[in-house]
Amino acid sequence: MTQDELKALVARAAADYVLEHVQPGAVLGVGTGSTANLFIDAIAAERGRFAGAVSSSEASTRRLQSHGFEVLDLNDVDVIPVYVDGADEINAKGHMIKGGGGALTREKIVASVATTFVCIADGSKLVPVLGAFPLPVEVIPMGRAAVARALAALGGQPRLRMNKEGGIALTDNGNVILDVAGLQLQDPVAFEQAVNQIPGVVTVGLFAGRGADVLLLGTENGVEQTRF
Ligand SMILES: O=C[C@H](O)[C@H](O)[C@H](O)COP(=O)(O)O
């Protein structure tokens, strides 16, 4: 199977998981990226079952709305039973690197409210040690050089993310992203805390202190479910 076919497989499995575990009338938490997009498409026919969705990016909001979903303001929502999102890497403990699509901050906020984080990923995303995928860090623009120096002092090689047009890529929140290469994260929880301490950092794309609760992994043998 191709990577896209595996993504579609886990997206369908996530829709089934949600239909089984989420009570009618609840609010759905929705992530960002190519796998999350396929999940949105897979759950779209059941949108009437939900009070609405809380989205983690402008892109996912547009996709949800194109399917007729009501997208709710997180400030008006107390409970999100399930949040479904992809990952750039995930380890055997459910710790993840996220933010390849730049949505890490809103993803972390929505995930923090959710009771259960369901990670959906094709098999290539499961790794023994996080860090081969450059770690995204969202940064206040005026702090980018200072934060880059601090990240280098932690052993990484930060690089400012550019957009397709060759300009500086900006997040939905108007900030910049440093992608930090050269890391081998043996203790993701401690590294997440260390990066959180750097002035100017908005969000580090390490989801370790609050990782995934469930992984739906697309493999050649079908979808493997892990509960952490
Ligand atoms: O900012 C983007 C998100 O963290 C995505 O969930 C992550 O990059 C994985 O995306 P994809 O499903 O496209 O591989």
ask   = When the residues of the stretch 109-155 are filtered to those that are small (G, A, S) and within 21 Å of the chain's Cα centre (by Cα), which remaining residue is nearest to the ligand (Cβ to nearest atom)?
value = A121
inquiry  = Going through L183, L170 one at a time, which residue ends up being among the aliphatic types (A, V, I, L, M), in a loop (DSSP other than H, G, I, E, B) and within 14 Å of H95 (Cβ to Cβ)?
reply    = L183
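Please go through the stretch 67-87 and give me each residue that is away from the ligand (no atom under 16 Å from the Cβ) and not charged (D, E, K, R), ordered by number.
H67, G68, F69, V71, L72, L74, N75, V77, V79, I80, P81
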inquiry  = Which residue is nearest to V214 (Cα to Cα), if the candidates are limited to the stretch 50-61 and must be away from the ligand (no atom under 13 Å from the Cβ) and in a loop (DSSP other than H, G, I, E, B)?
reply    = F50
note = Note on the stretch 105-134: residues farther than 14 Å from G29 by Cα and among the hydrophobic types (A, V, I, L, M, F, W, C) are A121, L126, V127, V129, L130, A132, F133
remark   = Among (1) more than 10 Å from the chain's Cα centre (by Cα); (2) within 15 Å of the ligand (Cβ to nearest atom), G100 falls short only on (1)
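Condition check ((1) in contact with a strand residue (DSSP E or B) (Cβ under 7 Å, 6 or more places away or on another chain); (2) outside any helix (DSSP H, G or I); (3) in the same structural domain as Y83 (by TED's automatic domain parsing)) across all residues:
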residue	(1), (2), (3)
V18	yes, no, yes
P24	no, yes, yes
G29	yes, yes, yes
T35	yes, no, yes
L38	no, no, yes
A42	no, no, yes
A45	no, no, yes
R63	no, no, yes
ask   = Only one of (1) under 11 Å from L215 (Cα atoms); (2) buried (at least 24 other Cβ atoms within 10 Å of the Cβ); (3) not charged (D, E, K, R) is not met by G94, so which one is it?
value = (2)
key: Neighbours by Cβ (under 7 Å, 6+ apart or cross-chain): first from the stretch 109-134, assigned to a loop (DSSP other than H, G, I, E, B); second among the hydrophobic types (A, V, I, L, M, F, W, C)   = V129/L185; G131/L183; G131/L185; F133/I97; P134/V180; P134/A181
inquiry  = For the list (1) under 18 Å from L6 (Cα atoms); (2) among the basic types (K, R); (3) more than 16 Å from the ligand (Cβ to nearest atom), I need the number of the one condition that R47 fails.
reply    = (1)
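The values are calculated or read from the model by the stated rules, or taken from the named source; none is laboratory data. Since the structure is predicted, the reported quantities are computational estimates derived from the model, not experimental observations. FYI the Cβ positions are ideal-geometry reconstructions off the backbone, even for glycines, and counts take in every protein chain you see.
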